[in-house]
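One structure is given below, encoded as structure tokens.
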Amino acid sequence: MAGTGVASIGECMLELSGQTGPNWRMGFAGDTFNTLWALHALSTERPATYVSAFGDDPFSQGQIGFLAENGIGIGSSPVIAGARPGLYAITLTGAERSFTYWRSDAAARQLASDPAALAKNLENQALVYFSGITLAILDDAARATLLAAVAKARSAGSLVAFDPNYRPRLWRHREDAQAAIVEALAVTDIALPTFPDEQMLFGDATPQATAERLAQFVGEVVVKNGEAPALVAHQLGTLREVPAIHVAAPADTTGAGDSFNGGYLAARLAGHDPLEAARRAHRVAAAVVQVRGALAPFETLRAAFEG
């Protein structure tokens, strides 16, 4: 591997959750940040970098401060004068969540505006992680810059992990998402898709079909499927199921898949095989759905990971 650190690329937003009447609780979250949060909690010996772009307003300063307080740096990520972070609100029906977003002019859309800074952030990393949402918030030129930087890091020895994480509202056309995700898979070592997303985007009939399609591009594939078993493809032609953990009364399913990814990648970096990594990842996800918001306390994540 190229180094000891872990880097995750994407958008960290302001999160409004826990509505009580007219009052909301504000925090920070976003798919690739949620994954890095869990990964960092479970791999404390590895320097963690959140690769993005930030504004210079008080909310952005609070974001950067929150990351630093929890041991996560921003490396050479640009801080852009006059820019601000995106915002989303979580509305719960029982434990199931829906989202309302305000992100069209978020600073993170400029994360590839300085190619040299982006490349520097990915140097000497053991792992580089990104998602389909990372791709979706960038224009075509910036997306090409990002994928070139990821490919360079991979050629230097970094392990690259990618969650396609398809969100239709972020893409102009379904075909644009398909093309961008296939490009990303070409520079990926570990793919962490979710079956309903892949079914919606590519028309896969079963999780097995998703695993087999992605295995044409990527050597290690883990297909998440809610409370159904995860499907692991690690050796050509070999598919293994790893049962999920049923949580009878989840509090909030926000961040479950992201934390699964963080637990899986932490386990793989620690030397566990893919099946054991998926078992540990399921335990982490089951712990996360029992707390409000996307980010569980570090100790909760660690206790779940160790079982």
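The values are calculated or read from the model by the stated rules, or taken from the named source; none is laboratory data. None of the values given here were measured: they were computed from a predicted structure. Heads up, the Cβs are rebuilt from the backbone with ideal geometry, glycines too, and the neighbour counts pull from every protein chain shown. What goes into the accessible areas is simple: the full protein's heavy atoms, side chains included, and nothing from ligands, DNA or RNA. Shrake-Rupley method; radii C 1.70, N 1.55, O 1.52, S 1.80 Å.
Numbers below:
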| read-out | value |
| --- | --- |
| Unique residue being over 24 Å from GLU220 (Cβ atoms) and in contact (Cβ under 8 Å) with a residue 60 or more places away in the chain when the list is SER158, SER113 | SER113 |
| Output for the stretch 70-90, where each listed residue is in contact with a strand residue (DSSP E or B) (Cβ under 6 Å, 6 or more places away or on another chain) and farther than 17 Å from MET13 by Cβ | GLY73, GLY75 |
| In the stretch 211-223, residue most open to solvent (accessible area, probe 1.4 Å) [restricted to those that are more than 19 Å from the chain's Cα centre (by Cα) and farther than 12 Å from GLN235 by Cα] | PHE217 |
| Residues of the stretch 45-94 classified as of a type in the set (Phe, Trp, Tyr), in contact with a Pro (Cβ under 9 Å, 6 or more places away or on another chain) and more than 21 Å from LEU118 (Cα to Cα), total | 1 |
| Hits in the stretch 189-210 - residues which are more than 21 Å from THR35 (Cα to Cα), surrounded by fewer than 23 Cβ atoms within 10 Å (Cβ to Cβ) and touching a residue at least 24 places away in the same chain (Cβ under 8 Å) | MET200, LEU201, PHE202, GLN208 |
| Residue in the stretch 114-132 that is closer than 14 Å to GLU15 by Cα and at pLDDT 95 or above present | no |
| Test for ALA186: is it more than 14 Å from VAL223 (Cβ to Cβ), open to solvent by 40 Å² or more (accessible area, probe 1.4 Å) and touching a residue at least 60 places away in the same chain (Cβ under 8 Å) | no |
| Every residue from the stretch 158-183 that is of a type in the set (Asp, Glu) and surrounded by fewer than 21 Cβ atoms within 10 Å (Cβ to Cβ) | GLU175, ASP176, GLU183 |
| Hey, SER77 within 19 Å of the chain's Cα centre (by Cα), of a type outside the set (D, E, K, R) and over 28 Å from ASN124 (Cα atoms) or not | no |
| Qualifying positions in the stretch 25-78 - in contact (Cβ under 8 Å) with a residue 40 or more places away in the chain, farther than 23 Å from GLY3 by Cα and exposed (fewer than 14 other Cβ atoms within 10 Å of the Cβ) | ARG25 |
| Residues of the stretch 284-298 satisfying the condition of being of a type outside the set (Phe, Trp, Tyr) and either surrounded by fewer than 19 Cβ atoms within 10 Å (Cβ to Cβ) or out of contact with any Ser or Thr (no Cβ under 6 Å at 6 or more places or on another chain) (or both) | ALA286, GLN290, VAL291, ARG292, LEU295, ALA296, PRO297 |
| Residues satisfying the stated conditions in the stretch 81-130, i.e. under 19 Å from ASP163 (Cβ atoms), in contact with a Phe, Trp or Tyr (Cβ under 7 Å, 6 or more places away or on another chain) and open to solvent by 60 Å² or more (accessible area, probe 1.4 Å) | TYR101 |
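For every residue, the table says whether it meets (1) crowded, with 20+ Cβ neighbours inside 10 Å; (2) touching a Pro at 6+ places or on another chain (Cβ under 7 Å).
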| site | (1), (2) |
| --- | --- |
| ALA244 | yes, yes |
| PRO250 | no, no |
| ASP258 | yes, no |
| HIS272 | no, no |
| ALA278 | yes, no |
| HIS282 | yes, no |
| THR300 | no, no |
| ALA303 | no, no |
